[in-house]
Amino acid sequence: MAERARSSDSARRERESVLSLRTGELDLGEGRNEWRAALGSLYAEMDVDWPSTRRALDAEWGGRPFGDLHVSTIRCDEQTVIRSPAMIRSDSCADVLVCVVTDGVVQIEQAGRQAVVADGAFALLDLGAPFVFHSPSTFGQVVVRVPGERVAARIPGLADRCTGRAFDAGAGSTAIVGRLLTDIAGQDLPTATAAPFAASVIEMLSAAVLEAGVGNEPLDGHRAQDMARVQRVIADHLHDADLTLPDVAHLSGMSLRAVQKLAKGVGATPSDWLYGARIERAKHLLRTTGDPVSVICEQVGFRDLSHFGRVFRRQTGTSPGRYRAQEV
């Protein structure tokens, strides 16, 4: 039977959700309905198509929180999962799914690209953009849901450049990340341990994707390391309202010109990174704490509440107060 335990009234506070689902114990229609419901509650509104509805669905799904992440282990018969523009309009979500294939082969389409993901490789799916996920036969995978704001500043152009492609399992940093995510799925760590582990996973995933390349212009190992170092400096000093771009460059062990060139190479500016990271941290604090907006403003390095509000609205389309009301 399907069992769900949620620690909040929100239908999708997945990072606090535990799921255990075995459809073999359910009848024909119930198994498929439960599977669709699990996708919608843990991720976002999606439709699922199976080549045959005359036999019971044979599938298993186990998922649980892991710090700021949500980790699931999935085995399922062949299926096609679709997230359409209409679904995004009715059920918006900006988080990212990291799909590590552990058995079989899956095909994905997103951002005008198509990729085949085989055993050990992984792909990124942006829940804020339409996609198609197709498995022609029974498959197994580990799915890690990552808060969108946690990767957006670390992987510039994520949605446009990195989705709809496979990241190799053969060697290098992407292979390490694939194995790490698979190992995490088999562990049940205490909350106090899982939280720092999850933060490290996000850093490693971002560095591996950057090294593998964004779009058609891969970053070599040195540039990927430089970018990860810059973004780590920014993340560590967001509270400092006196932090300047020359400070970021100095703390990163680079010249300001080198940092500017690095950002330009991925279609951004250092200011984009700095303000983007501050607003993403603010969004996280608005969702997860009861601190007043004025306090959060200071925590993310803004002296002026009105300035914070203007930048927040420019990047999110809404005010900090309304964002909190919508998300909490």
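Taken together, the values in this text are just the output of simple stated rules run on the coordinates, not laboratory data. These figures come from a predicted structure and were not determined experimentally. Neighbour counts run over all protein chains shown; Cβ positions are idealised from the backbone, glycine included.
A few comments on the model shown:
- Convex hull volume of the range 10-123 per residue (C-alpha atoms, cubic angstrom): 120 Å³
- Added length on full extension, which subtracts the Cα-Cα distance from 0.36 nm per residue, residue 138 to residue 313: 58.5 nm
- Orientation-averaged projected area, Cα convex hull of the range 70-164 (nm²): 5.7 nm²
- Tail fraction, Cα-Cα pairs, the range 177-328, threshold 20 Å, whole percent: 57 percent
- Percent breakdown of C-alpha pair distances by 5 Å bin, ordered from the shortest bin, for the range 167-206: 6, 24, 29, 22, 12, 6, 1
- Only helices enter the 222 nm calculation for the chain: every DSSP H run of n ≥ 4 contributes -39,500 (n - 2.57), and dividing by all residues gives -13000 deg cm²/dmol, rounded to 500.
- Local charge for residue 229 was computed over the other residues whose Cβ lies under 12 Å away, with Lys and Arg +1 and Asp and Glu -1, and equals 0.
- Loop-located GluC sites (Glu not before Pro) in the range 30-122 (DSSP state other than H, G, I, E, B) with a sparse environment of at most 16 neighbouring Cβ atoms within 10 Å: 78.
- Projected label distance in nm at residue 84 and residue 47, using a 7 Å step from Cα toward the beta-carbon: 0.4 nm
- The chain gives an Rg/Rh value of 0.97, both radii derived from C-alpha positions and Rh following Kirkwood.
- For residue 175, net neighbour charge (Lys/Arg +1, Asp/Glu -1) across residues whose Cβ lies under 15 Å away: -3
- Helix 305-316 axis, angle to the chain major axis (alpha carbon atoms, nearest 10°): 40 degrees
- Residue 107-residue 325 pseudo-label distance in nm [points 7 Å out on the Cα-to-Cβ vector]: 4.6 nm
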